[in-house]
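Reviewing the structure listed below.
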Amino acid sequence: MGEARLGLTEAVSMALGGMIGGGIYAVMGVVAGLTGPATWAAFVVAGFVALCAGYSYNALNRIDDDHKGGSVSFVKSFVGNATLAGMTGWTLLFGYVGSMAMYAFAFAEFTLSLGVVPASVAGLPARPVVSVVAVAGFVGLNLLGAQTTGTAENVLVALKVAILLAFGALGLAYVFGFADEGLALGFGRLSGVGPVIAAAISFVAFQGWQLLFYDQESIADPVSTIRKAVYVSIPAAVVVYVLVGVVTVNLAPDAIQSHPHVALKTAAEQMVRPYGLAAVGGTVLALSALFSTGSAINATLFSAAHFAKGMLSSDLLPDYVGDSAADGLPERTVLVLGAITAAFSAYGNLGAITSFASLAFIVVFGAMSYLALAERDRDTVHPIPPAVGLVGTAGFFPLMLWNLYNREPQTFGMVVVIAVVVVAAETLYFKRDVVKREVDEVERTVFDDGERVPPDVDQD
């Protein structure tokens, strides 16, 4: 598989592709349900904390000599603990799988909303089938190579951003021209904790940029290019989120509660209804949703496979996951990630998976902010952005858990179970040498020259 070098345009596209699909089409309903017209504030807070975390990543990347592993590389370089680095990597991979399953779920819902696919096929619900087909399609695209992926990402991101900006402009025109009550921004809700809790929930929508740090072997002048891409993509994503969020909560408040994944389609229909184009507006927005969620799957799979390749080369993943010596993306790694994502998107509890993903990114972003803050004595590291990133994520974590415990106790329980299973699997893998020694010791105690000799038993 040939290697290609991606430039700033492709890097920004990959970062935006990994963010906008999740924020707009997957978490909008939850965020708006908590904050209503103040939804824009939640995205601003989450984006600001993410931008501070982005500064921390760029600072660490500049002083780290590895430039291959992002979060994992930083833990190894600045903490010196391979086990902790590996557990960080496993947690992130699980978060990426959950994110891709979330995108695939939304992709399928918007596909069905177009009315061209029946709700069931051969007696089976069509939504899981469409999700699996979408994941399979982007697995195939990634297997074609980095340049094909980068070119496709440019096209997908350009289309969806143009449509979403038009959506925002037309929506504002509708509010000011036809709505009786004018534009509601929910300033009265800013005094409570709702916007901050919503910011924590929406944090998964701001994780796409850090995937670039795992693509560095495919990016030209990676340290400089990624730094610029991070500082362009996060503010751009915030602008899109705020604009679309304001329009959606003003035009489709009922749809946000009843059909959160397709609320934007309802808003699009409403804004062009005076012109007799409701069906056209809904269709165009649904197609934009397909571009958005599709590019999010594409970008996350591409970057997560690069991330896994780095972990394989450091013996932080089992060899059967892929070949670290492969030219470009390890094909088996792409297939494994795709298969797990497809399984989760078809059968998994997406509420629990995506909640765990948000918590995983909150923890890791906070940890990287802490590492950057610890390096504040260096001339290239300013202490304020890492401090803000650390305080922000430290506040998000308990608020996220508190919200789940009170509003969705079943999801909270699933998140706890998933976390325990993941940590147990990580511990067993990274402590496998210790476990093997213990097993060998038991075997030597129980067996003597092939004959069973029970301990503490008289052999008369």
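The values are calculated or read from the model by the stated rules, or taken from the named source; none is laboratory data. In this text the structure is predicted, and so the values were computed from the model without any measurement. Here Cβ is always computed from backbone atoms with ideal geometry, including for glycine, and neighbour counts include all displayed protein chains.
A quick yes/no check of all residues on (1) at pLDDT 85 or above; (2) over 23 Å from Met271 (Cβ atoms):
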{"position": "Leu164", "(1), (2)": "no, no"}
{"position": "Gly171", "(1), (2)": "yes, no"}
{"position": "Ala179", "(1), (2)": "no, no"}
{"position": "Ile197", "(1), (2)": "yes, yes"}
{"position": "Ala200", "(1), (2)": "yes, yes"}
{"position": "Phe203", "(1), (2)": "yes, yes"}
{"position": "Phe206", "(1), (2)": "yes, yes"}
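Conditions (1) under 29 Å from Leu251 (Cβ atoms); (2) of a type in the set (A, V, I, L, M, F, W, C), marked per residue:
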| position | (1), (2) |
| --- | --- |
| Thr293 | yes, no |
| Gly310 | no, no |
| Asp319 | no, no |
| Gly322 | no, no |
| Glu331 | no, no |
| Phe344 | no, yes |
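Tell me, please, whether a residue that is aliphatic (A, V, I, L, M), without any contact (Cβ under 8 Å) to a residue 24 or more places away in the chain and on the phi > 0 side of the Ramachandran plot can be found in the stretch 107-129.
Taking every residue of the stretch 107-129 in turn, at least one turns out to be aliphatic (A, V, I, L, M), without any contact (Cβ under 8 Å) to a residue 24 or more places away in the chain and on the phi > 0 side of the Ramachandran plot.
Any chance the stretch 78-97 includes a residue that's closer than 21 Å to Ile234 by Cβ and either touching an Asp or Glu at 6+ places or on another chain (Cβ under 9 Å) or of a type outside the set (Gly, Ala, Ser) (or both)?
yes
Among the residues that make up the stretch 429-438, is at least one of them modelled with pLDDT of 75 or more, assigned to a helix (DSSP H, G or I) and not acidic (Asp, Glu)?
Checked the stretch 429-438: at least one residue is modelled with pLDDT of 75 or more, assigned to a helix (DSSP H, G or I) and not acidic (Asp, Glu).
Going through the stretch 353-412 one residue at a time, which ones are hydroxyl-bearing (Ser, Thr, Tyr), farther than 21 Å from Leu211 by Cα and touching a Phe, Trp or Tyr at 6+ places or on another chain (Cβ under 9 Å)?
Tyr405
Which helices (runs of 4 or more DSSP H) sit wholly inside the stretch 1-115 and have at least 2 residues that are basic (Lys, Arg) and surrounded by 23 or more Cβ atoms within 10 Å (Cβ to Cβ)?
none
Take the conditions more than 30 Å from Asp254 (Cβ to Cβ), touching a residue at least 40 places away in the same chain (Cβ under 8 Å) and surrounded by fewer than 23 Cβ atoms within 10 Å (Cβ to Cβ) and apply them to Ala136. Does it pass?
yes
Within the stretch 1-16, take every residue that is modelled with pLDDT of 75 or more and of a type outside the set (A, V, I, L, M) and give me the one that is farthest from Gln207 (Cα to Cα).
Step by step, filter the stretch 1-16, then rank; the result is Arg5.
Starting from residues that are assigned to a helix (DSSP H, G or I) and free of Cβ contacts under 8 Å to residues at least 60 places away in the same chain, keep the ones in the stretch 212-251 and report whichever is farthest from the chain's Cα centre (by Cα).
Per the criteria, the residue is Ser224.
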